[in-house]
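Enquirer: Have a look at this one.
The values are calculated or read from the model by the stated rules, or taken from the named source; none is laboratory data. Values in this document were obtained by computation on a predicted structure and should not be read as measured data. Protein only, heavy atoms only, side chains kept; ligands, DNA and RNA dropped before computing areas. Shrake-Rupley method; radii C 1.70, N 1.55, O 1.52, S 1.80 Å.
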Amino acid sequence: MRTSILLDSHFAYHTLGRLLRRKLRTAQLSLSEAVVLRVLARNPRVTVAALRVSTGLGPTTTSTLLRRLEDRGLVRRRQLDSDRRWVVVRPTAAGLGTATFVDSALREIEERITSHAWATAEPSLGDLVGILAYLDGSRYRSKLD
């Protein structure tokens, strides 16, 4: 049984990623960039260290993502005047607009999932996996049902 939960969770995670990547193509964003922008839109003045904690990304990955987003004009970094060891990250106006696009893409995916979950009052993980497979056009079937 645990193997099925692990496989279903793995499938659900990657299928959600594929669905979101399709939506993000027009914005030319990676999933990690989208996560960073979403966090920054909700916390517009956050340190790099706090950003790493809230996203679960490592220091090198966070630095690389911020550099790419900064090069595209979506975020700005600056050292705090009061303590130069700390770097604060802020989304630009363009970054906030892109974060809004990311939010609407996520909302659309969630609405598509919930529109197919009408059959049960409390959908199970197996139900979620079945809905995701349907939306993705996959043939994966949950082993939980």
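Enquirer: Taking every pair of alpha-carbon atoms in the range 15-119, give the share separated by more than 25 Å as a whole percent.
Expert: 23 percent
Enquirer: From the protein chains alone at 1.4 Å, what is the descending order of accessible area for 84, 25, 90, largest first?
Expert: 25, 84, 90
Enquirer: Where does each of 32, 82 land when they are ordered by accessible area, with a 1.4 Å probe and the largest first?
Expert: These residues rank, largest area first, as 82, 32.
Enquirer: Keeping every protein chain in place, order 10, 116 by accessible area at 1.4 Å, biggest value first, i.e. largest first.
Expert: Descending order: 10, 116.
Enquirer: Scan around residue 76 for amide H atoms under 5 Å from its own, H built in the peptide plane at 1.01 Å from N, and keep only partners 5 or more places away or cross-chain.
Expert: 90, 92
Enquirer: I would also like to ask the following. Note the full-extension length gain between residue 50 and residue 87 as 0.36 nm times their separation in residues minus their Cα-Cα distance, in nm to one decimal.
Expert: Separation in residues times 0.36 nm, less the Cα-Cα distance, equals 12.3 nm.
Enquirer: Output the relative contact order of the chain, whole-number percent, from Cα pairs under 8 angstrom with separation of 6+ residues.
Expert: In percent, rounded to a whole number, it is 30.
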